[in-house]
1. Among Ala49, Ala63, Ala53, which is the only one that is in contact with a helix residue (DSSP H, G or I) (Cβ under 6 Å, 6 or more places away or on another chain) and of a type in the set (Gly, Ala, Ser)?
2. Quick one: what pairs do we get from the stretch 35-50, first residue of a type in the set (Phe, Trp, Tyr), second part of a helix (DSSP H, G or I) and open to solvent by 40 Å² or more (accessible area, probe 1.4 Å), C-beta under 9 Å, 6+ apart or different chains?
3. Kindly check whether there is at least one residue in the stretch 29-44 that is open to solvent by 60 Å² or more (accessible area, probe 1.4 Å), at pLDDT 50 or above and more than 22 Å from Pro82 (Cβ to Cβ).
4. Looking only at the stretch 42-55, count how many residues are part of a loop (DSSP other than H, G, I, E, B), of a type in the set (A, V, I, L, M, F, W, C) and within 12 Å of the chain's Cα centre (by Cα).
Amino acid sequence: MAAAKATLVCFMVMALATALLAVPGAVEGATCSPTQLTPCAPAIIGNAAPSAACCGKLKAHPASCLCKYKKDPNLQRYVNSPNGKKVFAACKLRLPSC
């Protein structure tokens, strides 16, 4: 059972990374690269507690980039999800209102 859950979480992390890489402009713009937030994937997708690395990346990420992600059809389901909101709260950050 634990192996199946670990496999599912691993698959979901890979799906998130693939979605992040498919975002137009994500690779070119160094300041708005959603791949920088991959340490948050287990917390957003797998309902784990966010790591210190995740919170650090969120705090360093510009609010304007987060607003772009909130509006992007490939990313909004992660940023606007209940788990996404929990991650922001656990990291003591406010999800920007755009």
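1. Ala53
2. As it stands, the answer is none, since no pair meets every condition given.
3. There is at least one residue in the stretch 29-44 that is open to solvent by 60 Å² or more (accessible area, probe 1.4 Å), at pLDDT 50 or above and more than 22 Å from Pro82 (Cβ to Cβ).
4. 0
The values are calculated or read from the model by the stated rules, or taken from the named source; none is laboratory data. Source: prediction; values computed, not measured. Please note: Cβ atoms are built from the backbone with ideal geometry, for glycine as well, and neighbour counts cover all protein chains shown. These accessible areas exclude ligands, DNA and RNA; they are computed on the full protein's heavy atoms, side chains included. Shrake-Rupley method; radii C 1.70, N 1.55, O 1.52, S 1.80 Å.
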